[in-house]
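Note sheet for the following structure.
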Amino acid sequence: MGMRETYTEELIRLAEKDDRICVLDADLQVGHGTKAFGDKFPERCINAGVAEANMVGIAAGLSAGGKIPFAETFGCFAARRAFDQFFLSGNYAQQNVKLLGSDPGVMAEYNGGTHMPLEDLSMMRAIPGLVIVSPSDPVSVKGLMEQIAYHEGCVYIRMPRKAEQEIHAEGTKFKLGKGVVLKDGTDLTIIATGFAMMPEAVKSAEMLAEKGIKAAVIDMHTIKPLDEELVLEYAKKTGMIVTMENHQTKGGLGGAVAEYLSTEYPTPVLRMGVREKFGQVGTKDFLMDDYGITAAKMVPEIEAYYKARKA
């Protein structure tokens, strides 16, 4: 199954046991795959229409009434349009809203630059106490959903709609706030997040290995709170960190890693991501190539940076 199908399946599983679980959509039940939830639990599924800020306000009200609401819309609207409501009615009011922002970064594809959130992580990271999760495949969605639901407080979930791939073996254990080591290495560490970047991280490690550079690969599915213990362990072990994200290089995963290491254990950090560009119309493959976030584009820069640091 894809990520949205796994997401809905897990919502239904949780809702069968807990009548507090409810879902709000901004006219995207079909697009998000949550129509199946609405068919099974019509009294617990609200289509707020194209009124994203209002949807988040309703979700906060449901939370205040003891429910566990999952509110869903495109990432551009979840972050830019509904930020004030999520900040104040959700987080400041200490509610329990789970907000999903779909089609992050280049995953918006043909919806173009207006619908392409390349800055949502930097916005959300600034909210005190907010947990930010960016799963990379259906296995990680399945492994994290129950923890997301029962985390006391707001959560921002960054997830594409149309996504099927295998990064993690079935049965892999996940824990909010704890990264997963996919590959060990001794020369540098690649820390990546999300559906778009994890395959590129794995490919990059394979290409670097052909050049005699042994790279570790970590799936940092939880961006906040950052797994500082794991970051520090691999900074000490390899002496160089490369971050990869489907987001601006400022304020996202790379920013979180660099901020932490700059005070705790100064380490060279090369941040790979979108660099000072707006979104545009195109396929995922075209956009990733144009923004330089494919393994083919990143590996030469990583190799040059590694050799310069070693020299």
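Odds and ends about this structure:
- Here is the result for the range 211-270: no GluC sites (Glu not before Pro) lie in DSSP coil with at most 14 other C-beta atoms within 10 angstrom of their C-beta.
- Rounded if a/c under 1.5, otherwise prolate or oblate - the range 70-183, Cα gyration tensor axes: oblate
- Considering helices alone, the calculated mean residue ellipticity of the chain at 222 nm is -11500 deg cm²/dmol, with DSSP H runs of length four and up weighted by -39500 (n - 2.57) and normalised per residue.
- Semi-axis lengths, largest first, of the ellipsoid equivalent to the chain are 33, 19, 18 Å, with √(5λ) applied to each eigenvalue of the Cα gyration tensor.
- Here the extension length gained between K250 and K178 equals 23.7 nm, from 0.36 nm per residue of separation less the Cα-Cα distance.
- Of the GluC sites (Glu not before Pro) in the range 274-311, those whose Cβ has at most 13 other Cβ within 10 Å and which sit in DSSP loop: E276
- Rounded, prolate or oblate (a/c below 1.5 giving rounded, otherwise prolate when a/b exceeds b/c) for the range 183-296 by Cα gyration tensor: oblate
- Cα-based shape type of the range 246-304, given that a ≥ b ≥ c are square roots of the gyration tensor eigenvalues and the cut on a/c is 1.5: oblate
Values in this text are rule-based calculations from the coordinates and carry no lab data. Quick caveat, the model's predicted, so the values are computed rather than measured. Glycine also receives a Cβ, built like all others from the backbone with ideal geometry; neighbour counts cover every protein chain displayed.
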